[in-house]
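Take a look at the structure below.
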Amino acid sequence: MSLALHLPALLVVVPLAAAAVAFVVGPRAASWIALVTGALTAALAAAMAWLAVTTGPVSYAIGGWGAPLGINLIADGTAAVFLVLVGVVGLAVTVFATGYFRPATADDPGPGHGMFWTLWLFMWASLNALFLTGDVFNVYVCLELVGLSAVALVTISEGAEPLRAGMRYMFASIFGAMTYLLGVALLYGAAGRLDMRQLAESLDHSVAAQTGLALMIAALLLKTALVPLHFWLPSAHAAAPAPVSAVLSALVVKGSFFVVLRLLLDVMPPGYLGDARVLLGVLGGAAIVWGSLQALFQQRLKLMVAYSTVAQVGYLFIIFPLAAAGGTVLPTALLGTLVHATSHGLAKAAMFLAAGMALKRYGHDRIADLAGAARRTPVLAATFALAGVTMMGLPPSGGFAAKWLLVGASLEAGQWWWALVVVVGGLLAAAYMFRVLAHFIADPGDRPGPVGNLKPLRTEWVPLGLAACASLLLFAVPLLTRLVESGTAMVGAGVIP
Amino acid sequence: MSRPSRTLPALPGIVSLAVFVVIVRAVLSIPPTGQGLATQVSQAADSIGFKNRVTAVLLDFRGYDTLLEVAVLMLATVTVLSLREEPCVLRRPISRRATAVLATLNKGLVPLAVIAAVHLVWIGASQPGGAFQAGAVLGAASILLALSGFARPRWVGRGAMRATLAVGVLTFLAISLLAIYAGGDLLQYPDGARKTLILVIELLLTLSIGVSLAILFLSSASAEDGVDR
Amino acid sequence: MSPAIIYSIAGAALFAVGAYGLLVRQHLLHKVIASNFLGSGVFLVLIGLGRRSDGPSSDPVPQAMVLTGIVVTVALTALALALIKRYYSATGLTTMEPPEPEEGAR
């Protein structure tokens, strides 16, 4: 089947074309286009993962030129994991959003004057492009595309706070993108190449190359909101409408993290910026502690979930100080990181969608005033509970599998302190999750009950489904293992001696 | 308005200075003889008949970057449209009426601008020029028309505007998919039709870019901006 | 000092000034201008690095990168300005936080 060869390109082109078409046809048809495209793109991602497992990693040369002249897409197992995550969460969010937003009529086109669907499809296309690209300048364009669609989707809500949060996000995004581009400039000046694989082969230990990579990684840390560069995230993720917050926390922060993963594991020659890897781990640990503590004291549900994202992002960076250890440490840590990213994506999306439903049903998202939700809106409470299982790391959830793998990798590398950080993080997550659940179980007193009834099939069962997937992800670990083993196309150029 | 700071904030100042020093040190450490891609690009561009190396890089070798960048521009325009306070687009002219001076100026300038835009696209293959430059000229001409008080003709409605905005991206996508249909990879132009396809893409991109720039400028006009009616 | 080095150092200076402006200035329009400084700085560094060789032709790849970057910057600047305009008409403010400290109503 020759079309299968072009899956990487289709994963970008299909949602992009759909976005443009959705813009032209107007708001009423746009939601249907989004649903169809969502299903199609998710299927394409699954097909690509299947191919990655059966035939191994693929490098797709756009324009037929190939590096160094042209741009290559890298379709390997690691990218496939993220692409499938984008597909699943994206499809779920699309279905949810068709129920969450009022259907478009002639005089009320919907959020953003009916342009939500166009903007969302642009975001989807840009996420796919970011996970597939193998060229460092193309990463810049994809980062700008993702950042721009994220800001667009945040500011779609009415009111001053989304605008303020969106502007803060936008300035942070611009600063990050420009710093990243400066790094690319230095890298090109030092090595004369933009393709990731060729850079891995031709980078030497020059000052310019190390500075360039350092700038790029610093910029990506800003975009991934790693402590202390996380200042823009909580307000942006909390102020956005629920489907948008779900995508931002579950997918967008993983995009810039993925580029850090590629740069540090695949592109960077050994011995570069050695101490910086430990610094990344330390910042990750700080993120886990700081984010969890902040989440513990939040009064509003969406802010609590946003700070939880800040904390969970920290787990993703524990792989870097472990990467230089030999043996099976790196594959185990990589698998743990990917399992964590996947399960966090599913569970966090579920939490934000549920928080959005709480906002709609109760009219507010103050945690204390959501008392009694377990009895009044049981599906909502169950979604939170299941998502909490993953956050805390209880078996058989993906969170448990991820923590197990990371702890194992740390102990094997002899760096037991990271294992301690992971365990403490689980305890802190339990603290902030139990606090919310305790309120849900409590007696409501005379607090007003839920109002309205918004298409419960889509809007309540979809998040529950996502959370359920996350809490059963332990059973999917063998499949993920096969995906990871069938290649990062280049892992080995960097770190495994 | 913004308060001038009395004491220069120390930490951002130190950070900026440090950044400057770091970058200069990195730049000065690069050996002066280039090892970039210039020779490879020249050879490849000659083999496909493009004298303008930059256009060859933009639309052929790294056409994927250009595709995404055009998507960025369209996305920004869609976002600005979604932020409007009133849902309708460009309902009324910006300023009150076209005075005689402005009308005469526009009668000469705007057709010249259109010709200049087409010329820029046409010679883009061999001399500096191309879709973005031409699109900027077209955009400027549209803004000039709007600022001079010309009313929007009836056929430029919401549908026409949306279609023109999207046509650049859609054409680019269609032709890149056409390459797959013709047996190559994405954006791998069939050898004989290369120049024609690139010209078609550039012409339609020019149109879209011009409309984008005009919308980006004009869409922020609100009711209080001294408008008639 | 070849022109290439001068461009690159000037670009670095612009970038540093832009970073300072973006971090320190409160007025939103000043932040947008500072962002443009950042962009121009990076583009100058790119052009400078492309002109290094003494040969006749400068490297076209950095030029293409700068063209792409300029278009992206224009798009972002336009969006930032539209956001500021919308924010201003919604709140009457030109800075992110209101000038005098106040407890935000929750």
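The table below lists the values:
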{"item": "Yes/no for A:R262 being surrounded by fewer than 24 Cβ atoms within 10 Å (Cβ to Cβ) and either within 30 Å of A:P68 (Cβ to Cβ) or free of Cβ contacts under 8 Å to residues at least 24 places away in the same chain (or both)", "result": "no"}
{"item": "A:R102 being among the basic types (K, R), within 22 Å of C:L76 (Cβ to Cβ) and surrounded by fewer than 24 Cβ atoms within 10 Å (Cβ to Cβ)", "result": "no"}
{"item": "Among the candidates A:G492, A:G449, A:G445, residue that is in contact with an Asp or Glu (Cβ under 9 Å, 6 or more places away or on another chain), assigned to a loop (DSSP other than H, G, I, E, B) and at pLDDT below 80", "result": "A:G492"}
{"item": "Pick from the stretch A:192-214, criterion surrounded by 24 or more Cβ atoms within 10 Å (Cβ to Cβ) and assigned to a helix (DSSP H, G or I), ranking: nearest to the other protein chains (Cβ to nearest Cβ)", "result": "A:A208"}
{"item": "B:G108 vs. criteria modelled with pLDDT of 85 or more and touching a helix residue (DSSP H, G or I) at 6+ places or on another chain (Cβ under 7 Å)", "result": "no"}
{"item": "Yes/no for B:T206 being surrounded by fewer than 20 Cβ atoms within 10 Å (Cβ to Cβ), hydroxyl-bearing (S, T, Y) and either under 19 Å from C:A78 (Cα atoms) or touching a helix residue (DSSP H, G or I) at 6+ places or on another chain (Cβ under 9 Å) (or both)", "result": "no"}
{"item": "Any chance B:L75 is more than 8 Å from chain A (Cβ to nearest Cβ) and either buried (at least 23 other Cβ atoms within 10 Å of the Cβ) or more than 29 Å from B:P190 (Cβ to Cβ) (or both)", "result": "no"}
{"item": "Residue match in the stretch B:145-157 (condition: touching a Gly at 6+ places or on another chain (Cβ under 9 Å) and not in a loop (DSSP other than H, G, I, E, B))", "result": "no"}
{"item": "Filter result (buried (at least 20 other Cβ atoms within 10 Å of the Cβ) and under 12 Å from the mean Cα position of the chain (by Cα)) within the stretch C:76-93", "result": "C:L76, C:A80"}
{"item": "Scan of the stretch B:38-52 for residues that are within 10 Å of chain C (Cβ to nearest Cβ) and surrounded by fewer than 23 Cβ atoms within 10 Å (Cβ to Cβ), ordered by number", "result": "B:A38, B:T39, B:Q40, B:S42, B:A45, B:N52"}
{"item": "Residue list for the stretch A:45-60, filter: within 14 Å of chain B (Cβ to nearest Cβ) and either crowded, with 19+ Cβ neighbours inside 10 Å or free of Cβ contacts under 8 Å to residues at least 12 places away in the same chain (or both)", "result": "A:V58, A:Y60"}
{"item": "Residue list for the stretch C:12-27, filter: surrounded by 24 or more Cβ atoms within 10 Å (Cβ to Cβ) and over 11 Å from the mean Cα position of the chain (by Cα)", "result": "C:A12"}
{"item": "Subset of the stretch B:121-133 [under 18 Å from C:I70 (Cα atoms) and in contact with a Phe, Trp or Tyr (Cβ under 9 Å, 6 or more places away or on another chain)]", "result": "B:G129"}
{"item": "B:V156 vs. criteria at pLDDT 85 or above, of a type in the set (V, I, T) and on the phi < 0 side of the Ramachandran plot", "result": "no"}
{"item": "Qualifying residue in the stretch A:153-166 (condition: crowded, with 24+ Cβ neighbours inside 10 Å and under 25 Å from C:V66 (Cα atoms))", "result": "no"}
{"item": "Some residue of the stretch A:225-245 being within 11 Å of chain B (Cβ to nearest Cβ), surrounded by fewer than 24 Cβ atoms within 10 Å (Cβ to Cβ) and outside any helix (DSSP H, G or I)", "result": "no"}
{"item": "Breaking point among (1) touching a residue at least 40 places away in the same chain (Cβ under 8 Å); (2) under 17 Å from C:L81 (Cα atoms); (3) at the interface with chain B (Cβ under 8 Å from one of its Cβ atoms), for A:V151", "result": "(1)"}
{"item": "Any hit, the stretch B:79-101, residues being buried (at least 18 other Cβ atoms within 10 Å of the Cβ), modelled with pLDDT of 90 or more and within 14 Å of another protein chain (Cβ to nearest Cβ)", "result": "yes"}
{"item": "Given (1) facing another protein chain (nearest Cβ under 7 Å); (2) among the aliphatic types (A, V, I, L, M); (3) free of Cβ contacts under 8 Å to residues at least 40 places away in the same chain, index of the condition C:A34 fails", "result": "(1)"}
{"item": "Count of residues meeting criterion [of a type outside the set (A, V, I, L, M) and closer than 28 Å to A:Q298 by Cβ] in the stretch A:178-235", "result": "8"}
{"item": "Test for B:T55: is it in a helix (DSSP H, G or I), among the hydroxyl-bearing types (S, T, Y) and more than 10 Å from chain A (Cβ to nearest Cβ)", "result": "yes"}
{"item": "Restricting the stretch C:51-83 to residues that are more than 23 Å from B:I209 (Cα to Cα) and facing another protein chain (nearest Cβ under 7 Å), the residue that is modelled with the lowest pLDDT", "result": "C:S53"}
{"item": "Hey, A:A125 at the interface with another protein chain (Cβ under 7 Å from one of its Cβ atoms) and in a helix (DSSP H, G or I) or not", "result": "no"}
{"item": "Qualifying residue in the stretch A:70-92 (condition: of a type in the set (D, E) and surrounded by fewer than 23 Cβ atoms within 10 Å (Cβ to Cβ))", "result": "no"}
{"item": "A:I33 vs. criteria among the hydrophobic types (A, V, I, L, M, F, W, C) and free of Cβ contacts under 8 Å to residues at least 60 places away in the same chain", "result": "no"}
{"item": "Residue in the stretch A:158-177 that is more than 9 Å from every other protein chain (Cβ to nearest Cβ), touching a residue at least 60 places away in the same chain (Cβ under 8 Å) and touching an Asp or Glu at 6+ places or on another chain (Cβ under 9 Å) present", "result": "no"}
{"item": "Selection from the stretch B:58-72 of residues that are at the interface with another protein chain (Cβ under 7 Å from one of its Cβ atoms), more than 15 Å from A:V146 (Cβ to Cβ) and of a type in the set (A, V, I, L, M)", "result": "B:L58"}
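The values are calculated or read from the model by the stated rules, or taken from the named source; none is laboratory data. Quantities reported herein were computed from a predicted structural model and do not represent experimental measurements. Cβ: placed from backbone, ideal geometry, glycine included. Neighbour counts: every protein chain shown.
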